[in-house]
Structure formats: C-alpha cells, structure tokens
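One structure is given below, encoded as structure tokens.
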C-alpha cells in the first residue's frame with residue numbers, strides 16, 4: 001500500500017465516525033503562553049507536499065499570526081519587521097538543516113510631516129487611514145545551504161507583500177482592481193535568476209484550518225456534525241508560500257524519481273526568531289529597537305504537536321528548541337500523552353463506552369505515535385526506519401512519491417474543494433487519543449472557503465468591510 005492510499009484510508013475511517021467528538025485544538029493558534037503575547041511571530045500552520053505524478057515541485061506554505069480579524073484596522077495585521085521568518089528542511093534521519101529559507105520584512109518608513117501644513121499632500125503618516133498614508137511592506141528571501149561550507153544566497157530582494165483586503169473603496173481610491181485571485185496572483189514572484197529556485201508569495205490569505213474552537217476549550221465539550229462551529233471561520237492569516245523545484249532539494253541535484261527512500265525523505269518545519277535584546281524607548285518614533293543574536297520564539301512541524309502532546313508547563317520551552325532535541329527533552333510526552341489522561345478526566349472515554357483496560361493502554365509506551373510521525377513501520381510497511389535520534393516535530397515528505405498526510409500535508413486532493421487532503425485534526429485525534437482503533441472527529445469537516453487549485457492554494461483573504469465578524473445593529 002502506498003503513502004497516499006494508506007493516509008486516505010485512515011482519513012475515510014476517521015470521517016466515517018458517528019461517535020461523540022473527543023478533544024482537539026487549533027493547529028498552532030495561540031498554543032503557548034509566551035507566543036500568545038506575540039501574534040506576529042506565532043506559527044499557526046504548515047503545509048508541505050510534492051506535486052503529484054511528476055514530483056518536480058515541492059510546495060511549502062507557512063502561516064503566521066492567528067485569528068486575524070479582517071476588519072481590524074486602522075493598523076491591520078502584518079508581518080513584523082523585527083522577526084526572522086524561517087523555513088527549515090532536513091534530509092533523511094538527520095534533523096540538522098540541509099537547507100534553510102530566511103524571510104525578512106521591511107515596512108515603508110514615514111517621513112516627518114507637519115500635520116498643521118494644510119498644503120502638504122496626503123501621505124507620509126499624519127493620516128488616520130493607513131492606506132492613505134502610503135504604508136506598504138516588502139520582503140527578501142535568503143537560502144542557506146548547509147554543509148562543510150555553508151552558503152547564503154539571496155533569492156529575491158524587496159518584493160512587494162500582498163496588501164490587506166480592506167474593502168472596495170480602498171481598492172478603487174488606490175487605483176487597484178477588485179481584490180480577487182487574479183489580483184493576488186500579481187504578487188507571486190520568481191526566486192533566483194529566471195526563477196530557477198521557484199516562486200514565492202507573501203501576504204494575507206484565508207486561514208484554511210477548520211476546527212470547533214468553542215467546544216474544544218470548554219473542556220472538549222464538542223458537538224456533532226451539523227452543530228459544531230468552525231471557530232476559525234472568517235479569519236485571515238499571513239502566509240509565506242514557496243514553490244521549490246525538487247532538484248534544488250535532492251542530495252545530488254537530480255530529480256527524485258519514484259522510489260521512496262531516506263535520501264528522498266525531507267523533514268520540514270517553520271519557525272520565527274527575534275533578536276535577543278529589545279529596548280523600549282520614550283519620545284522616539286521607533287519606540288522599540290532590537291539587538292543581539294536571533295532567538296527562536298515559535299516553531300511548527302506537524303500540526304497539533306505542541307497543542308495536543310506537550311504540557312502547558314513546557315510549551316514555551318518547546319517553541320524555543322530545535323526538533324533535534326525533541327526526544328532528549330520531550331520524549332516522555334510522546335510516550336505518555338497527557339491528553340489521554342485529560343480526556344479520561346472529563347469523561348470522554350466513558351461517553352464513548354471505551355473499556356478501562358483500553359484507556360490504560362493508551363496512557364504509556366506509545367511507540368505508535370512516534371512511528372506515525374516518523375513514517376516508520378508498521379505504519380508504512382517496508383519503509384526504512386528512522387531511529388529515535390531522528391524523531392522530532394518535522395513534517396516528513398518523501399518527494400519520490402505522491403504526498404498524503406502524514407507523508408506531507410497537501411492542500412489539493414480533498415473530497416471537496418473546501419476540504420484539504422486530510423482532516424488533520426480528526427486523523428491526529430484518532431492516533432493520539434485512540435491509537436488508531438476508534439475513529440474520532442471534532443464535527444467540523446470543511447473550510448469556510450474553497451481552496452485554490454494552484455499556487456498559493458489558500459483562498460483570498462476575507463474582506464474587512466463585508467467579511468468582518470461584526471453584526472448589523474437594528475435601528476431603535
């Protein structure tokens with residue numbers, strides 16, 4: 001059985017469940033105490049997959065900033081100029097970077113303009129409306145190739161970030177067409193000379209994750225299909241999307257072919273880092289300045305690992321460390337998932353009629369979790385095994401075979417245009433809470449918008465004027 005067939009069968013079993021839902025969480029939205037105070041640096045989701053059939057392109061989508069209210073102006077959400085956004089790619093059983101992609105952002109600085117000078121034209125930062133002030137943002141992408149002599153290559157510099165979808169008057173006043181897929185596609189840029197390194201997009205998109213947040217955080221007081229509410233519906237996120245030729249990722253620079261192996265298995269994870277020291281200044285137009293070494297403050301590989309597996313006491317620590325330390329520092333969480341005991345405490349297993357002996361067996365020695373996230377046998381029979389030293393929170397993608405979660409996380413391939421290839425919440429709930437034996441679901445089965453069939457795949461961002469979460473107030 002190949003990867004795609006296996007993952008699809010797991011998905012079908014999961015979606016076919018009629019059982020009462022169990023615990024689930026958002027992929028990585030506000031998952032740790034410290035990063036909840038720093039949304040601009042918060043990894044929320046990661047998708048990575050190889051183009052089916054040809055295996056000639058790899059797609060990586062890294063999302064940041066959780067639960068962006070589309071109408072949240074006048075200072076709408078944006079990438080932080082003080083954060084180094086990162087995509088890391090390891091190869092085989094080694095969790096050290098083979099390649100890294102670092103993305104830096106730069107916002108237009110405003111000149112000093114006298115607000116009492118009524119003759120001065122609009123623009124410059126004295127305005128109430130940020131779009132009239134001329135605010136904009138650009139970004140640069142650098143690729144780091146590790147080895148005996150690491151090299152750094154600038155793939156693109158000062159490319160424009162796609163703007164926020166504020167509303168039709170903003171688009172018209174600024175001389176832009178309607179904010180549709182064609183408009184957003186104009187912000188896709190080639191990387192490297194003539195696009196030899198692929199393409200990139202950076203900007204706001206619809207948050208493609210779907211989950212019943214309200215039920216989740218009431219101690220898993222979830223609802224069935226038809227009653228469950230998608231708590232991420234109508235919110236945007238900020239996406240860095242990479243389309244990379246797989247010849248730029250293989251060990252020898254050749255096409256990956258069609259034979260799965262450790263040499264063609266990549267481990268993908270995204271992160272955000274800030275400078276070590278930050279100073280808050282008075283009487284300064286730039287109130288905060290940062291210096292020193294880069295320190296990782298957020299990371300994400302597989303969906304839901306920090307959310308579901310790691311205990312509250314260690315979630316900040318988890319975000320600060322690299323995946324290669326996961327077994328050494330956090331191995332006990334994988335083998336003894338705390339969420340099983342939590343689910344037992346709030347009565348979920350009792351409601352499902354699960355025997356106590358089965359519940360007890362799910363509390364410890366959970367090598368099945370490690371085998372699943374590592375693509376090891378017996379999850380994928382006949383596949384070379386990744387040893388414990390190579391286990392970590394990375395999204396494994398064998399680029400020599402079609403992707404299917406947990407071998408990558410594709411957006412295309414869902415049962416409907418508004419469904420990603422696998423409902424990762426349901427699949428991981430089934431694995432972690434039930435050892436794969438009892439299909440579980442959170443009751444939310446599809447996104448609030450259809451996904452795109454082409455790069456950058458996530459739907460256009462919700463519009464601020466008509467797509468915000470406000471409600472009409474009846475006249476009195």
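Coordinate-derived values only; no laboratory data. Since the structure is predicted, the reported quantities are computational estimates derived from the model, not experimental observations. Cβ atoms come from the backbone with ideal geometry, glycine included; neighbour counts cover every protein chain shown.
Roughly how many nanometres apart are two label points built 7 Å out from the Cα toward the Cβ at residue 149 and residue 312?
5.2 nm
Can you give the calculated 222 nm mean residue ellipticity of the chain, where each DSSP H run of n ≥ 4 adds -39,500 (n - 2.57) and the sum is split over every residue, rounded to the nearest 500 deg cm²/dmol?
After summing the helix terms and dividing by the residues of the chain, the value is -4500 deg cm²/dmol.
Would you kindly calculate the translational diffusion coefficient of the range 164-282, applying Stokes-Einstein with the Kirkwood radius from alpha carbon pairs, for 4 °C and a viscosity of 1.567 mPa s, and quote it in µm² s⁻¹ without decimals?
Value of D from the Cα-based Kirkwood radius: 67 µm²/s.
What do the square roots of 5 times the Cα gyration tensor eigenvalues come to for the range 231-273, in whole Å, largest first, as semi-axes of the equivalent ellipsoid?
Semi-axes, largest first: 31, 12, 11 Å.
Which whole-number percent gives the relative contact order of the chain, counting Cα pairs below 8 Å spaced six or more residues apart?
Result for the chain is 26 percent.
Give, in nm to one decimal, the length gained when the segment between residue 345 and residue 275 is fully stretched (0.36 nm per residue of separation minus the Cα-Cα distance).
Roughly 21.1 nm would be gained on extension.
Please determine, in degrees from 0 to 90 and to the nearest 10, the orientation of helix 3-15 with respect to the longest principal axis defined by the Cα atoms of the chain, where the helix direction is its Cα long axis.
In the chain, helix 3-15 runs at an angle near 90 degrees to the longest axis.
Kindly rank 189-199, 43-53, 163-173 from highest to lowest mean number of other beta carbons found within 10 Å of each residue.
Sorting 189-199, 43-53, 163-173 by mean packing, highest first, produces 43-53, 163-173, 189-199.
For the range 74-208, state what percent of all Cα-Cα pairs lands in each successive 10 Å bin, counting from 0 Å until the bin that includes the largest distance.
Calculated over all Cα pairs of the range 74-208, the distribution is 10, 32, 31, 17, 8, 2, 0 percent.
Which one, (1) 65, 52, 40; (2) 79, 68, 42; (3) 73, 54, 41, gives Cα extents along the principal axes in Å as derived from the coordinates shown?
Computing Cα extents along the principal axes in Å and matching it to (1) 65, 52, 40; (2) 79, 68, 42; (3) 73, 54, 41 gives (2).
Express in whole angstrom the spacing between the alpha-carbon centres of the range 144-177 and the range 422-476.
26 Å
Between residue 437 and residue 329, take the C-beta separation as r, use R0 = 35 Å, and let me know the FRET efficiency to the nearest 0.05. Spell out each step's value before the answer.
Values: r = 29 Å, r/R0 = 0.84.
Efficiency at R0 = 35 Å is approximately 0.75.
Show me the ranking of peptides 300-312, 220-232 by mean Cβ neighbours inside 10 Å, starting with the highest. Spell out each step's value before the answer.
Values: 300-312: 23.2, 220-232: 17.2.
Order by mean packing, descending: 300-312, 220-232.
Exposure proxy check: 394, 327 ranked by fewest other beta carbons within 10 Å?
With the fewest neighbours first, 394, 327 line up as 327, 394.
Out of all DSSP beta bridges in the chain, what portion is antiparallel? Express it as a percent rounded to 5. Can you show the working numbers first?
Details: 74 of 74 bridges.
Given both bridge residues lie in the chain, the antiparallel proportion sits at roughly 100 percent.
If R0 is 41 Å, what FRET efficiency do you get for residue 453 and residue 193 from their C-beta distance, rounded to 0.05? Intermediate values should be presented prior to the final figure.
Working: r = 28 Å, r/R0 = 0.69.
Rounded to the nearest 0.05, the efficiency is 0.90.
On full extension of the chain, what length is gained from residue 128 through residue 81, given 0.36 nm per residue of separation minus the C-alpha to C-alpha distance?
14.8 nm
Once the Cβ-Cβ distance between residue 251 and residue 186 is put in as r, and R0 is 60 Å, what FRET efficiency do you end up with, to the nearest 0.05?
0.95
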